[in-house]
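Data first, discussion second: the structure below is written as structure tokens.
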Amino acid sequence: MRKNSPEYKLWIERRNKKNLKKRTKRKLAKKRKQSSLSNYNREIKKEAIYNPKTDNFTFTAPLDFSIVNNPVETTGFFNKIIGFITDKRNFGKKLFIDISKIQSLTTDALMYLLALVNNLSEHFANKYHFSGNEPTDARIRKLFTESGFYKFVKYRGTEPLTHSNDNIQIVSGEQYSNDFAKQLTDYVCDKAQTTKENCKFLYEMLIELMNNTQKHAYDNDNLLFPLWYCFAEYDSQSSVTFTFMDTGSGIPTTVQKNFSERIDFLKLKGENKYVISALNGEFRTATRQMHRGKGLPKIREFCSKGVIKNLHILTNKADVIVRPSSYDGKDLQVQLRGTLYQWEIDLSQLKGAQI
Amino acid sequence: MILNICKEFSDTPGARYKNEGKYSGEEFRDDLLQPRFLEAEANNEKLVIELDGGYGYPTSFLEEAFGGLARKYDIKKVLERLEFVSEDEPALINEIKSYISSARDKK
């Protein structure tokens, strides 16, 4: 091809067009990458405060650090951490959990924190370094220390750890534990000064809840291993409060749904309805076997009989309080990953109680 | 023939299947209940199940043990052959009988 010939000019034109296309494409990709990076940095700043001195991303817990009493803020706080952890761009970063300023605390929040710190699945485990501090308020720090939190994480403090005889420290497990259910039943019998025959309901309930962790609690994106956590506390009003949590998909996600419920993308039905339905013994078992799914109705029966009181269930967006003959159900704005049960046993009401 | 669950099996029964943990309903059924049931059948005698003495019976344990037996053999046969004794919790007897009567696999 001769230089300056019409064919040569055409070829040059075609080549220039092609190169321009390539350059524009490269430029756009670069711009996109930069904007996603700046978006990411902006997102991170919203979620956590970066401390360049310690190279930590600090997450500050809400003042009322309790899922049961302050579900929106506390669950929102945990969801921020989950959002951070599940973003692969954050792998290798250090997280600092700041609970120093909290003004009230319940053990459900500590259990959830433990689950996030301690039982991340192998996909996420060892990808992050967690550290944190203690509440500064002496009363809350006592509860924090006595909860058994330090059985699960490294303690670098100088104060000796204390243990109260009025509680059973947080215990965690994968499968149901006959021994732990027995220990808790004996603990209640001992506090009420009654025999185990009068506390059978508690043993049965604990085994069902622990076993549900395995059957229904698998996490969809494998962030957390399906484990259960349990804590019991005796208070001066002669009642024992139990907090039980599993870190799986939650009841509304795992129950069997009919066709209209499956296509209810706008969640018009409300997630609390699924929990109430499962408690009422309507055919909701994910196994689709008629003889299964009797555990939750049995627990409901214990509420109706009055042997357990103030049963509060928080699972996904559902927030249900079980009354002896009714329910208080609502949906939260935030989603809790897992299921939290809290209930009380009035020791003076137990058969044969001598208190 | 007598089968005392608390003395011969465990006072802390577990949940449904063997792979879920210790002292499950499946374990009880396979290791104790079913052999005794067959023995009672062969001798044409009642199998008396003593329920007292334990920490409690989770529903999944009872359903898998007794409902599972009824799914394997006949519901009527199981109801006729088994007799239950519970002084601590008499309502438990009807509960177990309801699991046997409604022992079906699918919806």
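No value in this document is a laboratory result; all are computed from the given coordinates. Since we're looking at a predicted model, the values are computed, not measured. Counting neighbours? That spans all protein chains shown, and the Cβs are built from the backbone with ideal geometry, glycine included.
Checking the table A:Lys33/A:Lys88; A:Lys53/A:Lys94; A:Lys273/A:Lys294; A:Lys309/B:Lys97; B:Lys7/B:Lys72 against a 19 Å threshold on Cα-Cα, which pairs fail?
Details: A:Lys33/A:Lys88 16 Å; A:Lys53/A:Lys94 12 Å; A:Lys273/A:Lys294 17 Å; A:Lys309/B:Lys97 28 Å; B:Lys7/B:Lys72 25 Å.
In this structure, A:Lys309/B:Lys97; B:Lys7/B:Lys72 lie more than 19 Å apart at Cα.
At a threshold of 8 angstrom on Cα-Cα distance, excluding pairs fewer than six apart, so keeping six or more, what relative contact order does chain B reach in percent?
For chain B, the relative contact order is 29 percent.
Calculate how steeply helix A:200-216 sits against the longest principal axis of the alpha-carbon atoms of chain A, using the helix alpha-carbon long axis, and give the answer as 0 to 90 degrees to the nearest 10.
10 degrees
Tally Lys and Arg at +1 and Asp and Glu at -1 over the other residues with C-beta under 13 Å from the C-beta of B:Lys18: what net charge comes out?
On the way: positive: B:Arg16, B:Lys22, B:Arg29; negative: B:Glu20, B:Glu26, B:Glu27, B:Asp30, B:Asp31, B:Glu64.
Overall, the nearby charge balance is -3.
Say R0 is 22 Å: what FRET efficiency, to the nearest 0.05, do A:Leu161 and A:Ser236 get from their beta-carbon distance?
0.45
At most 16 other Cβ atoms within 10 Å and a DSSP loop assignment: could you name the chymotrypsin sites (Phe, Trp or Tyr not before Pro) in the range A:74-154 that fit?
A:Phe91
In sequence order, what are the phi-derived ³J(HN,Hα) couplings for the range B:85-96 according to the Karplus relation 6.51 cos²θ - 1.76 cosθ + 1.60 with θ = phi - 60°, rounded to whole Hz, with x for glycine and proline?
10, 8, 7, 5, 9, x, 5, 4, 4, 5, 4, 5
Can you list residues whose amide H is under 5 Å from A:Gln103's amide H, if they're 5+ apart or on another chain and H is modeled 1.01 Å from N?
When sequence neighbours closer than 5 places are left aside, the close amide H contacts are A:Asp64, A:Phe65.
So which trypsin sites (Lys or Arg not before Pro) in the range A:63-164 end up in coil per DSSP with only 14 or fewer other C-beta atoms within 10 Å?
In loop regions of the range A:63-164 (DSSP not H, G, I, E or B), the sparsely surrounded trypsin sites (Lys or Arg not before Pro) are A:Lys101, A:Lys127, A:Lys154, A:Arg156.
Compute the signed sum of charges (Lys and Arg +1, Asp and Glu -1) over the other residues within less than 13 Å, Cβ to Cβ, of A:Val320.
+1
Under the definition of partner shielding as Cβ atoms of other protein chains within 10 Å of a residue Cβ, what is the mean value for peptide B:8-16?
On the way: counts 0, 0, 1, 4, 8, 4, 8, 11, 6.
Other-chain Cβ atoms within 10 Å of each residue's Cβ, averaged: 5.
Restricting the calculation to Cα positions, tell me the Rg (one decimal) and the Dmax (whole number) of the protein assembly as shown in Å.
For the protein assembly as shown, the Cα-based Rg and Dmax read 28.4, 112 Å.
For A:His129 and A:Asp328, what does the FRET efficiency come to when R0 = 35 Å and r is the distance between their Cβ atoms, rounded to the nearest 0.05?
Rounded to the nearest 0.05, the efficiency is 0.25.
With runs of 4+ DSSP H residues as the only contributors, calculate the mean residue ellipticity of the protein assembly as shown at 222 nm using -39,500 (n - 2.57) per run, divided by the residue total and rounded to the nearest 500.
It comes out at -12000 deg cm²/dmol, rounded to the nearest 500.
Over the alpha carbons of the range A:1-74, what is the largest minus smallest coordinate on each principal axis, giving the biggest first in Å?
Sorted largest first, the three principal extents are 83, 30, 11 Å.
Does chain B classify as rounded, prolate or oblate by the C-alpha gyration tensor (a ≥ b ≥ c root eigenvalues; a/c under 1.5 gives rounded; else a/b over b/c gives prolate, otherwise oblate)?
rounded
Quick check: pseudo-label points 7 Å beyond the Cα along Cα→Cβ at B:Lys22 and A:Thr136, how many nm apart are they?
4.7 nm
How big is the gap, in Å, between the Cα center of the range A:5-35 and the Cα center of the range A:157-188?
Rounded to whole Å, the Cα centres lie 69 Å apart.
Assuming R0 = 41 Å, what is the FRET efficiency of A:Gln34 and A:Val72, from their Cβ-Cβ distance, to the nearest 0.05?
Result of the calculation: an efficiency of 0.75.
Can you give the net charge of the other residues whose Cβ lies under 12 Å from the Cβ of A:Glu7, counting K and R as +1 and D and E as -1?
In short, +3.
Provide the percentage of antiparallel DSSP beta bridges, counting only those with both residues in chain A; round to the nearest 5.
80 percent
Suppose every Lys and Arg Cβ carries +1 and every Asp and Glu Cβ carries -1, with no other charges. What dipole size does chain A come out with about its Cα centre, to the nearest 20 debye?
Using Cβ point charges on Lys, Arg, Asp and Glu, chain A gives about 4080 debye.
Give me the number: length gained by fully extending B:Ile75 to B:Ser101, i.e. 0.36 nm times residue separation minus the C-alpha to C-alpha distance, one decimal in nm.
Once the chain is fully extended between B:Ile75 and B:Ser101, it gains 8.7 nm.
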